[in-house]
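The block underneath contains the structure these notes are about, expressed in structure tokens.
What follows is calculated from the coordinates using simple rules that are stated; it is not laboratory data. Remember, it's a predicted structure, so these values are computed and weren't measured experimentally. As a convention, Cβ positions derive from the backbone with ideal geometry for all residues, glycine included, and neighbour counts pool all protein chains shown.
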């Protein structure tokens, strides 16, 4: 396999050639507006490289599927395809790495530039821990227009802001017109929902609202909340201060929910929901992120203790407790499985699977029959943290025992295993 | 706040408690999975006795010493250095105050510390569990009065929800200790009945810990006497 090695060295040489001129002109000699401009440009490039990587991954999968479907024909062609993709992917990964390093150095990923003294009141764009980009670059327009009148400045700021928004949050495009008027958004959503239910009868492409309502019926112990992406960040940091009085934040949520028109389940308007929180009081809190906002496509999930609070509580964060770390790790696998099995049902399957964890600290392992055991390799005492996900979708079509929804698996039927016990299964 | 269960060492009939047993228990914890030693800890329990006032004034006002509560305990917990807890067992009352209330009591001289006991020892971390093995010693002497353990499960704060996990832990711990064939065993006193009497709820708080210590010392004293 000489070619990949040559490809790597070629890619390395390419990035080497690219790096010196950039790093030579780093932040020490530049004024803040130039730094901000550079950072924005790098973020744009990073987004493009990430998109390229995604496409490359798709192509690789396609090539593999092709090879699997027709093993006799055109093997050499698929091998060529795969080799080409591989070199392209390596190049992209190296580019991304280099970009990431530059972004890190310039303080974009950690927000450190904010605390530096002489920044002319400008802020670097900030990449939040869960991947959302908050672009502050519109402020540079104001700095340059110090002499202009207030009206002009406001107009310029608004223009720059909407440009940035359109660029970084393209899926929020249509809500600009109905900004702040939840009633209109609701009517729009409801009309959409009824049209869909009329059109599709057998294959119910459920809306987010339906999925959550369904979940509420099946699992009465689980509290379900929805948020827009930045709202969740605020809530996460409030969680740590709310630890002493657990009742209050929940009460606020319930009051808020009863004020919104769509009933007890949702808080955020369904077409802006980016984060779903499932809370089983005193057992766990699970955070699911949807991408894009308002869709039923989950892209990350994490579990935490109900007491935990702070900025790290989001769909890509990790709990401080071992038990929840292992559950989260297993949940990542389950999510990938649900996405691969059936994209439109994946959210519903995932949420049902998450809710089955309400017995995390009470249901013994289906293999060894115990609740708490010492895991030999980790040297930790853990309850069964692995819940079976491979059976969940298989029972969809053959479900006859359950008298509730035919699409969901009753939590008692989902087997739980210790880490060591599940390794021996399947 | 994470749930905590206390257990105390019950020697077999005829056996005594000794520092040898304490060393063996510590050794057992250290070999238990990936337990790491974290440091020392100390909780102090004080038995208060009401100070006898001037007898003439008592006769005049008609109050008798019997009005003043007996069985009055004060606790300084290791994980709450800024607080001090008072327990009146007979009246089922528990109170949390600031730590400098002890200075106040010294000045007021209405109660005198009759017996002061220290629960102290090493602290260990085993994954999501935090274990503390402690000896019970009087403050002015070195004689070992008893051995106890604190088991804390960090991810959960509800007593009810953590019950099974704690019971399981206790079973596993007993199994591990049984290999050492020590003359005695650890016992958990079922704290749930007590908590409701004192007005405490399912959500774990330092008051629960204080109450468990009070129960623990009563049990330890009963064990020593028999």
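Using the Cβ-Cβ distance between residue A:41 and residue A:368 with R0 set to 45 Å, the FRET efficiency from 1/(1 + (r/R0)^6) comes to roughly 0.20.
The value of relative contact order for chain B, using C-alpha pairs under 8 Å at least six residues apart, is 32 percent.
Taking 7 Å steps out from each Cα toward its Cβ at residue B:160 and residue B:82 produces label points 3.1 nm apart. When peptides B:126-134, B:27-35 are sorted by average Cβ neighbour count within 10 Å, with the highest value leading, the order is B:126-134, B:27-35. In this calculation the C-beta distance from residue A:151 to residue A:240 is compared with R0 = 41 Å, giving a FRET efficiency of 0.45. Volume per residue of the convex hull around the Cα atoms, evaluated for segment B:3-225, comes out as 138 Å³. Working from label points 7 Å from Cα in the Cα-to-Cβ sense, the residue B:143 to residue A:75 distance is 8.7 nm. Per residue of peptide B:157-169, the mean number of Cβ atoms on other chains within 10 Å of the residue Cβ is 5.
Once both labels are positioned 7 Å from their Cα atoms along Cα-to-Cβ, the gap between residue B:218 and residue A:329 label points is 4.5 nm.
When each of A:387, A:54 is scored by the number of other beta-carbon atoms lying within 10 Å, the sequence from fewest to most is A:54, A:387. For chain B, the longest principal axis of the Cα atoms and the long axis of helix B:19-30 meet at an angle of about 50 degrees.
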